[in-house]
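Asker: Dropping a structure here in C-alpha cells format, bear with me for questions.
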Amino acid sequence: MNFFHISDLHFNLVDKNGIKNIEKIFKSIASYKQKGDVLLVSGDILNKDFSDYQPIFGKIFALDMPFLCCTGNHDKSAQLIEALASLYPEHPLPRNKEKLDYICNKFPLKIITLDSFKENVAGGEVLPQQLDFLEQEIKNSEKPIIIMVHQFPLDAGLDFFDTKTGASWRQDFVRIVTNHTHKIKLVACGHLHNSVISHIGQTPVISAFSANWQADFDFMPLDNLKNISRPVGYYIHHFDGEKILSYAVTL
C-alpha cells in the first residue's frame, strides 16, 4: 500500500508562491494513475491566526483518497477536532476532545497519531498520559505501526528548531520508540520545512517537505527562519508487507 505524506501547508499564508506550491503538489498527487491508499498530513495545515479549514479540506477532498492528519503548532487542537467532526466525520476522532490523539486500524499498518499542540510553544507538548497512550497502543498492536506527530523528535542540525523549539517530551518519545523499534516501521513528521531523515533504533524518522515554503538549512545559529528558493515536494511511503520504502517527490 502507498501512503502519501505532506506537511506544513500553512494555508492562507499571504504568499502567492506558497499557494502556487500547494496547488502544484496537489496536482502532482492527483496525477498518479494508482491512487494512494491514504494521505498523511503531518500538521500545520493552516497558518497562524487563520481558523477556517473548509478551503484546504476542499482541496484535500478533491484528491479522492482518505486522509489522516495531526495537529501542528500553527493549528489549534479544538478547532481542528471541530472541523474534522463537521467536515470530515469519517476521520478518527479522539475520546479526549482536547487532544487529537487517535489510532487508525483500517490498514495493514496501525497508525498512531499524537497531538503535540501547545499554545505559543513551537516545540509543542506531549503530556505523560499521551505517552502512556502511545506505549499501550504499541504494546497491544498485532500490526506493524506508523506514528505520526508534527515535531521532529530528534536534533536535526537546524539550529532554530533544535534550540528554540526543542522540547523535553522528545526524550520520553525516543525512549518508547527505542523500546519497540521492532514494531514501528516509520515516524512521520513535519515542522522542519525540509526533508530530513534520521533513525531511532531501526525506525526511520522522516520530516516531510513543507508544501508551502522551505527553510534555510545551514547548520549555523539562526535567530529567525529564512525562506529559501528550493523545490517543494512530498513523500510516498510504500509498504510491501514487511518494510517501508520512502520515495521523495520534488517539484
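The values are calculated or read from the model by the stated rules, or taken from the named source; none is laboratory data. These numbers were taken from a predicted model, which means no experiment stands behind them. Counting neighbours? That spans all protein chains shown, and the Cβs are built from the backbone with ideal geometry, glycine included. These accessible areas exclude ligands, DNA and RNA; they are computed on the full protein's heavy atoms, side chains included. Shrake-Rupley method; radii C 1.70, N 1.55, O 1.52, S 1.80 Å.
Asker: Answer yes or no: is there a residue in the stretch 134-153 that is assigned to a helix (DSSP H, G or I), touching a residue at least 12 places away in the same chain (Cβ under 8 Å), more than 22 Å from Leu40 (Cα to Cα) and open to solvent by 20 Å² or more (accessible area, probe 1.4 Å). Can you show your working first?
Answerer: Just the residues of the stretch 134-153 that are assigned to a helix (DSSP H, G or I), to begin with: 134-140.
Narrowing further to those that are touching a residue at least 12 places away in the same chain (Cβ under 8 Å): 134-135, 137-139.
Now narrow it down to the ones that are more than 22 Å from Leu40 (Cα to Cα): 139.
Restricting the remaining residues to those that are open to solvent by 20 Å² or more (accessible area, probe 1.4 Å) gives 139.
So far as the stretch 134-153 goes, yes, one or more of its residues are assigned to a helix (DSSP H, G or I), touching a residue at least 12 places away in the same chain (Cβ under 8 Å), more than 22 Å from Leu40 (Cα to Cα) and open to solvent by 20 Å² or more (accessible area, probe 1.4 Å).
Asker: Report yes if Ser42 is among the hydroxyl-bearing types (Ser, Thr, Tyr), within 16 Å of Val232 (Cβ to Cβ) and open to solvent by 10 Å² or more (accessible area, probe 1.4 Å), otherwise no.
Answerer: Details: among the hydroxyl-bearing types (Ser, Thr, Tyr): yes; within 16 Å of Val232 (Cβ to Cβ): yes; open to solvent by 10 Å² or more (accessible area, probe 1.4 Å): no.
No.
Asker: Hey, another quick one. If a residue counts only when it is surrounded by fewer than 14 Cβ atoms within 10 Å (Cβ to Cβ) and free of Cβ contacts under 8 Å to residues at least 40 places away in the same chain, which strands (runs of 3 or more DSSP E) contained entirely in the stretch 180-234 have at least 1 such residues? Outline the logic, then answer.
Answerer: On the way: elements: 184-189, 196-200, 203-207.
Hits in the stretch 180-234: 196-200.
Yes or no, residue by residue, for (1) modelled with pLDDT of 95 or more; (2) under 15 Å from the mean Cα position of the chain (by Cα):
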| position | (1), (2) |
| --- | --- |
| Val38 | yes, yes |
| Ser42 | yes, yes |
| Ile45 | yes, yes |
| Ser51 | no, no |
| Ala62 | yes, no |
| Phe67 | yes, yes |
| Gly72 | yes, yes |
| Ser77 | yes, yes |
| Leu80 | yes, yes |
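Asker: May I pose another question? If a residue must be in a loop (DSSP other than H, G, I, E, B) and either within 18 Å of the chain's Cα centre (by Cα) or closer than 17 Å to Leu39 by Cα (or both), how many such residues does the stretch 89-118 contain?
Answerer: Here is the first cut: in the stretch 89-118, the residues in a loop (DSSP other than H, G, I, E, B) are 89-101, 105-109, 114-118.
Next, only the ones that are either within 18 Å of the chain's Cα centre (by Cα) or closer than 17 Å to Leu39 by Cα (or both) stay: 89-94, 99-101, 105-109, 114-118.
So the answer is 19.
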